[in-house]
Every structure is written in structure tokens, then in C-alpha cells.
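*Asks:* One structure follows; several queries about it will come next.
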Amino acid sequence: MRFPLIPTVFVAGAVATMIALGIWQLGRKDEKEALIAHAERALTIPAEVEYPRDPERREEVLYRRTSVTCLSASAATTVAGTSLRGEKGVAQRVSCALANGSTATVDLGFSLDPAPVAWNGGQIQGVIAPNGRIVATEPPEGLEPLSLPDPRDLPNNHLAYAGQWFFFALTALAIYILALRRRSRA
């Protein structure tokens, strides 16, 4: 039986790529586990950090406590949110102008009312959540505390992705072998 050169090279390349992607996902799994462990340690540090002006530096201080003075609030909106008690509703969110010239997205507190809250600014204490937003620990009057960000909520499904890539590689190989058998019979 002769192997057709071009299809064999193509399938071998595809299978090798899928295996490489599976191995890469296994590495990502380890990286994500380390990130989650780092974030869990950050939750236990009681000292506040200064809210970073540089958005890239905010990833380094995720889940740390901070306080900012919101000179003015704009772009008030609501997003799906959960209260500290586990109740579902909306998180009242604003964009705060800070003294250093940067801005920060702040989740002020929990409400059942979907209308954006009227809040003009002030002192905010909270936790730095993913994407650099601050989740207030002491909401303004009329709002309830939101559930705090939890690093255990970060998805870590890289093992499943790796399994999928290995399964795809095995499936492609099995289909190719079946196609070769059928070709040899004809």
C-alpha cells in the first residue's frame, strides 16, 4: 500500500499541531493554577496598595485592597451583580476621575433597582478586581455591599481543552487510517 504524499503530510501536520496545542494547554493549566494561588495569597494581605495609574500594572495587584478619591463620577451604569449575601441584582458602576489624572472603574454597591445611581464622587475603599475595576467594600448610602471578587471564580478549564485537542488529534488520525484502508480496498 502506497501512502498519498500530500494528504499524509497534511494530516501529519494537523495531528502534530493538535498535539502541540494540547501540550500548550497543559502548560497554561499550570500557569493559571499559579495565578490563582498568587491571587489567593493577595486576599490575605491586609495592607492597602496604591491604585496603579498604569493599567498593565493593575494585574500585579489583583485582589489587593486599595482606596481612591473619586474626584468626579461619570458614565453611571448597571451590570449584573451579586450582593454579599448572595442575592442577585445589579452592581452600580461608575467611572471615577482620580487625582493623578487616570480613571478607575468602580463597582459602588448592590441594588435591586436597575436605574443607575446618582453619585458624584468621594472616598472609595475596595478590592482591585480583574480588568482593574475596584469593588467597593463600603458602598455609598442606599447601596448594599457587593460580593467581593474571588480568585477561585477564575476559570481554569485548560485540562479539558488539552483533552479536547488530544481527542481531535486521535480522531483525525483514526479518520485518516480508515480513509487509507478504504482506498486500499478500492
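*Asks:* I need the per residue convex hull volume for the range 1-77, using only the alpha carbons, in cubic angstrom as a whole number. Before the final figure, lay out the partial values.
*Replies:* Details: hull volume 13.9 nm³, N = 77.
Given the Cα convex hull of the range 1-77, per-residue volume reads 180 Å³.
*Asks:* Mind pulling the angle between the C-alpha long axis of helix 5-43 and the longest principal axis of the chain? Nearest 10 degrees, somewhere in 0 to 90.
*Replies:* Computed tilt is about 30 degrees.
*Asks:* Using DSSP, restrict attention to beta bridges with both residues in the chain and report what percent are antiparallel, rounded to the nearest 5. Can you show the working numbers first?
*Replies:* Details: 28 of 31 bridges.
Expressed as a percentage, antiparallel bridges in the chain total about 90.
*Asks:* With the crude spin-label approximation of a point 7 Å out along Cα→Cβ, what separation in nm comes out for Leu84 versus Ala12?
*Replies:* Roughly 6.3 nm, to one decimal.
*Asks:* Another question, if that's okay. Mind checking the angle between helix 158-185 and the chain's longest principal axis? C-alpha axes, 0 to 90 degrees, to the nearest 10.
*Replies:* With rounding to tens, the tilt is 20 degrees.
*Asks:* As a check on your grasp of the helix formula, calculate [θ] at 222 nm for the chain: sum -39500 (n - 2.57) over DSSP H runs of n ≥ 4, divide by the residue count, round to the nearest 500.
*Replies:* Computed mean residue ellipticity for the chain: -13000 deg cm²/dmol.
*Asks:* Note down the magnitude of the dipole of the chain about its Cα centre, charges +1 on Lys and Arg C-beta and -1 on Asp and Glu C-beta and zero elsewhere, to the nearest 20 debye. Please report the intermediate quantities before stating the final value.
*Replies:* Numbers: 19 positive and 18 negative charges, 320 e Å.
Computed charge dipole of the chain: roughly 1540 debye.
All of the numbers you see were taken from the coordinates with simple rules; none came from a lab. Quick caveat: nothing in here was measured; it's all calculated off a predicted structure. Please note: Cβ atoms are built from the backbone with ideal geometry, for glycine as well, and neighbour counts cover all protein chains shown.
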